[in-house]
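Please read the structure below before turning to the comments.
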Amino acid sequence: MVFNAGRSRLNQVDMPVPHCGEDEILIRVHACGVCRTDLHIVDGELAHPKLPLIPGHQIVGKVAEIGKRVERFKQGDRVGVPWMGWTCGKCRFCRSGRENLCDHARFTGYTLDGGYAEYVVAHERFCFPLAGNMTDIEMAPLLCAGLIGYRALKKTGEAKRLGLYGFGAAAHIVAQVARYHGRQIFAFTRPGDHSAQEFARRMGAVWAGDSETSPPEPLDAAIIFASAGKLVPTALKAVDKGGTVVCGGIHMSDIPTFPYKNLWEERTVCSVANLTRQDGEEFLALASRIPIRTTVQSFALEEANEALDRLRSGQLDGSAVLQVRND
């Protein structure tokens, strides 16, 4: 399923199976999660994607072929491919353990072709071996919703009362990690979205309400997964002194002005950018211990536009996943 400039829809196209380079693996895609970042690309909110582009960066599949210098994988291994597709290893960010900020990074499904396809090529260093009993469809959301959510959660430190603004793919995974660590979850949804609020309660939230409502007690921290910048001042008012507001998305609308008193008393606003391979290793190990259970709605590959439409309109509980193969 291919995205081209000037189009708001993906087109189904027959293409040759890609060839892998010396350090790459060819993966037969079994499942690929549908992420809000994919939506931002298709809707033109993220500039300068590779064109034409095959989107998708929550990929689960099996190794079909390996490059001659590949050492970490063999044919038949189950692997996961995340958003971070390559870093230079040489810039000051890479050298200081912050490869997520690499000056020359490449991104799966954005500057590299992704997983809305039967086959994808990925660099072996940026793939994860996948074990455990989760199906490919259940596993796919862990590769972005889970990973970015985990990095955002780490930014909240030891916060016990945690607000989650936008209770969808990432939040329903983060909630399970937070509960495992003994934290309380306060879920915020679009006004009137009673389905999402009930979903949050099923996932262990101690309180769920709309984003315009104040929580019953001050929060220690909040993570904003929705792309609405107006939620930043709202979340700042909801967190206690010394609290942190983490912006968990790659794109957000402009943040409106707000009075300094909302930020005062050492409140903090920060963003999360991409992920590191260490994040992936930590989170996937933790996910199997908890164990994480994802809520997914599956679509056929050729139904990618429908999945994006449903994500855009907020008609999903949990994650949308494209099921590409069953074997």
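Structure data summary
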read-out: Leading residue by the ranking (farthest from the chain's Cα centre (by Cα)) among those in region 96-147 that are assigned to a helix (DSSP H, G or I) and small (Gly, Ala, Ser); value: 140
read-out: Residues (open to solvent by 30 Å² or more (accessible area, probe 1.4 Å), of a type in the set (A, V, I, L, M, F, W, C) and in contact (Cβ under 8 Å) with a residue 24 or more places away in the chain) located in region 14-47; value: 15, 17
read-out: Given (1) farther than 26 Å from residue 318 by Cβ; (2) polar (S, T, N, Q); (3) in contact with a helix residue (DSSP H, G or I) (Cβ under 9 Å, 6 or more places away or on another chain), index of the condition residue 276 fails; value: (1)
read-out: Test: residue in region 109-123 that is over 16 Å from residue 56 (Cβ atoms), open to solvent by less than 30 Å² (accessible area, probe 1.4 Å) and not acidic (Asp, Glu); value: no
read-out: Residue 241 vs. criteria part of a strand (DSSP E or B), basic (Lys, Arg) and surrounded by fewer than 13 Cβ atoms within 10 Å (Cβ to Cβ); value: yes
read-out: Region 211-235, subset touching a Phe, Trp or Tyr at 6+ places or on another chain (Cβ under 7 Å) and not in a strand (DSSP E or B), residue surrounded by the fewest Cβ atoms within 10 Å (Cβ to Cβ); value: 216
read-out: Subset tally (residues that are closer than 16 Å to residue 227 by Cβ, part of a helix (DSSP H, G or I) and among the hydrophobic types (A, V, I, L, M, F, W, C)) for region 303-324; value: 2
read-out: Which listed residue is outside any helix (DSSP H, G or I) and either within 26 Å of residue 213 (Cα to Cα) or of a type in the set (Lys, Arg) (or both), from 152, 171, 178, 187; value: 187
read-out: Candidate set: region 246-280, residues that are under 15 Å from the mean Cα position of the chain (by Cα) and open to solvent by 70 Å² or more (accessible area, probe 1.4 Å); chosen: the one farthest from residue 162 (Cα to Cα); value: 250
read-out: Residue count, region 176-210 (criterion: crowded, with 21+ Cβ neighbours inside 10 Å and hydroxyl-bearing (Ser, Thr, Tyr)); value: 1
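The values are calculated or read from the model by the stated rules, or taken from the named source; none is laboratory data. The shown structure was predicted, so the numbers you read here are calculated from the model rather than taken from an experiment. Positions of Cβ are generated from backbone atoms using ideal geometry, with glycine treated the same way; all protein chains shown enter the neighbour counts. Side chains included, ligands, DNA and RNA excluded: accessible areas come from the protein's heavy atoms. Shrake-Rupley method; radii C 1.70, N 1.55, O 1.52, S 1.80 Å.
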